[in-house]
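Structure, as structure tokens:
The values are calculated or read from the model by the stated rules, or taken from the named source; none is laboratory data. Just so it is clear, the model here is predicted, and its values are computed rather than measured. Note that each Cβ is placed from the backbone with ideal geometry, even for glycine, and that neighbours are counted across all protein chains shown. Quick note on the areas: whole protein, heavy atoms, side chains included, nothing else; ligands and nucleic acids left out. Shrake-Rupley method; radii C 1.70, N 1.55, O 1.52, S 1.80 Å.
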Amino acid sequence: MCGIIGYTGPRAATPLLLESLRRLEYRGYDSAGVAVLDAMTTSVTVVKSERKVDELARKLDEVGMPAGHVGIGHTRWATHGRPTVLNAHPHMDCTGRIHLIHNGIIENYRELRAQLEAKGHELPSETDTEVVPHLIEDCYRGNLESAVRHALSRVDGAYALVVIHADEPDTVVAARLNAPLVLGLGNAETFISSDITALIPYTKRVMVLGEGEVAEARAGVVTVRSLDGTVVEPRIITVDWDAEQAQRGGYPHFMLKEIHEQPQALRQTLRDRVDPDTGLVRLAGLEIDDGVLAGVREVHVVACGTAYYAGMATAHAIETLARIPARVSAASEFRYADPLVDATTLVVAISQSGETADTLAAVREARRRGAPVLAVTNVVGSAINHEADGVILMQAGPEIAVASTKCFLAQLVCGVLLALYLAELRSALPVEELRALAAETLELPDKVEGALQLEPQVAELAQRLAHLRNAMYIGRGANVVTAFEGALKLKEVSYVHAEGYAAGELKHGPIALLDPDTPVVAVATRSATLAKTVSNVQEVNARMAPVVAVVTAGENPFDDMAADILEVPAVRELLSPVVNVVPLQLLAYHIAVQRGCDVDQPRNLAKSVTVE
Ligand code: G6P
């Protein structure tokens with residue numbers, strides 16, 4: 001969702017803000033703006049656009065790239081009020097001296113707005129954000145940091161915000177509560193962002209702000225306080241992502257790059273996780289006592305979107321291997337469902353970003369009920385990592401495309417590793433079987449490489465299917481998840497209506513939708529229920545719907561029943577979604593390209609959804 005960048009230091013702020021806003025575009029947004037403070041004139045130039053960053057850059061060129069070494073920039077994903085120049089951030093106070101950018105939602109903004117208007121403040125925008133600079137104006141007694149803290153003590157809701165004041169020309173103040181914000185520490189300079197990805201070209205030393213903390217940055221010196229003014233010890237981490245990883249590197253889209261990075265990403269996910277001496281899974285960072293893990297009565301996975309499907313696979317792997325009852329809930333539902341979790345339930349929160357508001361809220365609810373919480377995330381220092389008891393890091397590198405691909409695979413693999421670890425702790429499987437499974441898991445990166453060889457065939461198929469309006473995806477057992485995720489990918493990036501179904505469910509309703517213009521993508525690789533899936537495909541054939549089948553190489557069960565056959569490397573069923581989903585990702589990608597869609601930033605979607 002909205003992206004934040006702030007800077008104070010020796011560099012020219014405007015080009016840096018623009019460059020960083022481009023890096024934040026992937027989060028999803030509709031309008032953008034910057035405010036640059038010139039210390040020579042102690043004046044602030046604000047330029048905003050109701051469209052994309054390119055348009056903002058054009059406007060900045062027109063006004064002649066404002067001078068100054070302190071500035072803030074924002075990409076806005078509209079919630080309160082349409083994407084207009086007036087509603088775009090930065091917002092300012094009545095004096096025009098205080099400028100602010102904000103992510104999150106000020107829940108009591110109506111009441112605050114009424115109070116401010118009664119005092120004579122004028123708030124021309126429709127946003128909730130605008131109350132904050134006016135509150136700061138009210139609280140300002142010559143010290144911006146103190147005014148921000150006092151203003152925020154009157155605010156309910158969620159915020160990550162950055163503020164500048166023309167009278168304090170080297171200072172940037174930042175604060176966060178229930179929304180992500182990190183500071184990049186450079187040499188006599190400080191960068192502030194909603195997102196580590198925007199910082200990695202400049203520095204790998206990152207300060208993570210805690211909930212309700214306020215940072216005051218003056219060039220290279222940062223002081224952190226809690227809202228009551230107590231100085232707190234900052235938490236500094238080193239990020240091991242490379243700046244190149246966050247660039248397209250010759251690929252036309254990040255999505256395609258990330259699909260192709262999957263073997264390498266999985267090698268990183270698996271790094272140091274199978275002990276070479278014992279052949280068994282080892283998970284550093286779990287931080288939950290083995291005794292507690294061995295004793296849990298149930299596992300409850302919470303997640304959203306693609307991570308929810310990875311959650312289904314994780315629950316399936318845990319039930320199959322560790323024989324612990326496991327279920328998955330959409331994180332947005334969990335919190336309000338009076339969930340049956342307590343100290344004997346292991347709650348597993350899966351989230352690429354580690355910042356998804358619904359998943360974070362579910363983590364808090366689970367902890368409130370006494371459950372041990374394990375996070376599976378890709379971003380060090382993220383809020384969910386901070387609040388969970390233990391973490392399994394995906395180690396997949398930055399994922400920029402809104403539609404998740406490599407992180408889905410990393411989540412699936414982390415789920416299998418966790419299931420194997422729990423199975424070992426509970427002696428649910430013979431050690432030999434655990435070893436065999438761990439060894440096969442280590443082979444997955446190579447198998448995914450094999451699946452990627454299908455790209456030319458899938459690209460040609462996509463040309464033929466690009467005109468379609470509906471598609472159905474089916475699978476059984478472990479691959480119900482593959483069908484769900486394949487359908488979700490197509491919906492997200494190509495805007496084609498697609499549904500994923502357990503193959504056996506087709507005849508109980510959705511078969512009514514089938515006709516010669518509705519292709520059915522059937523995942524029919526080696527499995528205990530393959531013969532049943534073949535029968536289901538026969539039912540599809542009888543309705544004249546064209547079939548695209550994903551089958552195990554050399555084991556095509558279909559004769560001429562399927563119009564298109566995509567052969568993937570052989571993998572045991574439990575692990576096979578990791579390989580089988582690859583051609584479905586490629587299919588969604590190439591259909592989206594054929595249809596001229598904005599693949600990396602699909603309409604209405606955001607990479608990191610920080611509102612409930
Ligand atoms: C958004 C993204 C999805 C993602 C979901 C969960 O909706 O568009 O691609 O799967 O959030 O994100 P998370 O960061 O929690 O995995």
(request) Within the stretch 221-278, count every residue that is farther than 20 Å from residue 416 by Cβ and among the basic types (Lys, Arg). (result) 4
(message) Give all pairs with beta carbons closer than 7 Å in which a residue from the stretch 597-611 that is over 22 Å from residue 332 (Cα atoms) and of a type in the set (S, T, N, Q) meets a residue that is within 10 Å of the ligand (Cβ to nearest atom) and assigned to a loop (DSSP other than H, G, I, E, B); count only pairs at least 6 apart in sequence or on separate chains.
(response) 601/28; 601/402
(request) Answer yes if at least one residue in the stretch 538-558 is at pLDDT 95 or above, surrounded by fewer than 23 Cβ atoms within 10 Å (Cβ to Cβ), out of contact with any strand residue (DSSP E or B) (no Cβ under 8 Å at 6 or more places or on another chain) and among the aliphatic types (A, V, I, L, M), and no otherwise. (result) no
(request) Please determine, by comparing only the residues of the stretch 570-605 that are surrounded by fewer than 20 Cβ atoms within 10 Å (Cβ to Cβ) and under 30 Å from residue 336 (Cβ atoms), which one is nearest to the ligand (Cβ to nearest atom). (result) 605
(request) Say whether the condition of being surrounded by fewer than 22 Cβ atoms within 10 Å (Cβ to Cβ), closer than 30 Å to residue 599 by Cα and not aliphatic (A, V, I, L, M) is met by at least one residue in the stretch 388-395. (result) yes
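Let's see how each residue does on (1) surrounded by fewer than 22 Cβ atoms within 10 Å (Cβ to Cβ); (2) within 15 Å of the ligand (Cβ to nearest atom):
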{"site": "475", "(1), (2)": "no, no"}
{"site": "483", "(1), (2)": "no, no"}
{"site": "493", "(1), (2)": "no, yes"}
{"site": "517", "(1), (2)": "yes, no"}
(request) May I ask you to say which residue of 362, 366, 317 is of a type in the set (A, V, I, L, M), within 16 Å of the ligand (Cβ to nearest atom), over 15 Å from residue 391 (Cβ atoms) and open to solvent by less than 10 Å² (accessible area, probe 1.4 Å)? (result) 362
(message) Considering only residues that are open to solvent by 10 Å² or more (accessible area, probe 1.4 Å) and in contact with a His (Cβ under 7 Å, 6 or more places away or on another chain), which ones fall in the stretch 131-147?
(response) 139
(message) List the residue pairs whose Cβ atoms are under 8 Å apart, where the first residue sits in the stretch 268-287 and is closer than 22 Å to residue 428 by Cβ and free of Cβ contacts under 8 Å to residues at least 40 places away in the same chain, the second is assigned to a helix (DSSP H, G or I) and among the aliphatic types (A, V, I, L, M), and the two are 6 or more positions apart or on different chains.
(response) none
(message) Could you list, ordered by first residue, the pairs with Cβ atoms under 6 Å in which the first is in the stretch 312-340 and under 16 Å from residue 297 (Cβ atoms) and the second is modelled with pLDDT of 95 or more and open to solvent by 50 Å² or more (accessible area, probe 1.4 Å), at least 6 apart or interchain?
(response) 315/327; 322/426; 326/319
(message) Going by what's in this entry, would residue 217 be described as closer than 23 Å to residue 44 by Cα, surrounded by fewer than 20 Cβ atoms within 10 Å (Cβ to Cβ), over 19 Å from the mean Cα position of the chain (by Cα) and in contact (Cβ under 8 Å) with a residue 12 or more places away in the chain?
(response) no
(request) Inspect all residues belonging to the stretch 71-86 and state whether any of them is open to solvent by 20 Å² or more (accessible area, probe 1.4 Å), in contact with a Phe, Trp or Tyr (Cβ under 6 Å, 6 or more places away or on another chain), at negative phi and touching a residue at least 12 places away in the same chain (Cβ under 8 Å). (result) yes
(request) Kindly establish whether residue 492 is in a helix (DSSP H, G or I), in contact with a strand residue (DSSP E or B) (Cβ under 9 Å, 6 or more places away or on another chain) and within 23 Å of residue 307 (Cβ to Cβ). (result) no
(message) Can you pull out every residue in the stretch 298-314 that is away from the ligand (no atom under 16 Å from the Cβ) and aliphatic (A, V, I, L, M)?
(response) 299
(message) I'm told residue 461 meets every condition in (1) more than 24 Å from residue 377 (Cβ to Cβ); (2) surrounded by fewer than 23 Cβ atoms within 10 Å (Cβ to Cβ); (3) within 25 Å of the chain's Cα centre (by Cα) except one. Can you identify the failing condition by its number?
(response) (3)
(request) Take the residues in the stretch 221-239 that are touching a Lys or Arg at 6+ places or on another chain (Cβ under 7 Å) and not in a strand (DSSP E or B), then tell me which one is most open to solvent (accessible area, probe 1.4 Å). (result) 227
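Out of 67, 57, 35, I need the residue that is assigned to a loop (DSSP other than H, G, I, E, B), among the hydrophobic types (A, V, I, L, M, F, W, C) and under 21 Å from residue 191 (Cβ atoms). Which one?
Exactly one of 67, 57, 35 is assigned to a loop (DSSP other than H, G, I, E, B), among the hydrophobic types (A, V, I, L, M, F, W, C) and under 21 Å from residue 191 (Cβ atoms), namely 67.
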(request) Can you work out which of the residues in the stretch 327-355 that are near the ligand (Cβ under 10 Å from one of its atoms) and open to solvent by 20 Å² or more (accessible area, probe 1.4 Å) is farthest from residue 393 (Cα to Cα)? (result) 355
(request) Please work out which residue is farthest from the ligand (Cβ to nearest atom), limiting yourself to the stretch 268-297 and to residues that are among the aliphatic types (A, V, I, L, M) and open to solvent by 40 Å² or more (accessible area, probe 1.4 Å). (result) 292
(request) Identify all residues within the stretch 87-121 that are open to solvent by 50 Å² or more (accessible area, probe 1.4 Å) and within 24 Å of residue 172 (Cα to Cα); write none if there are none. (result) 92, 94, 95, 97
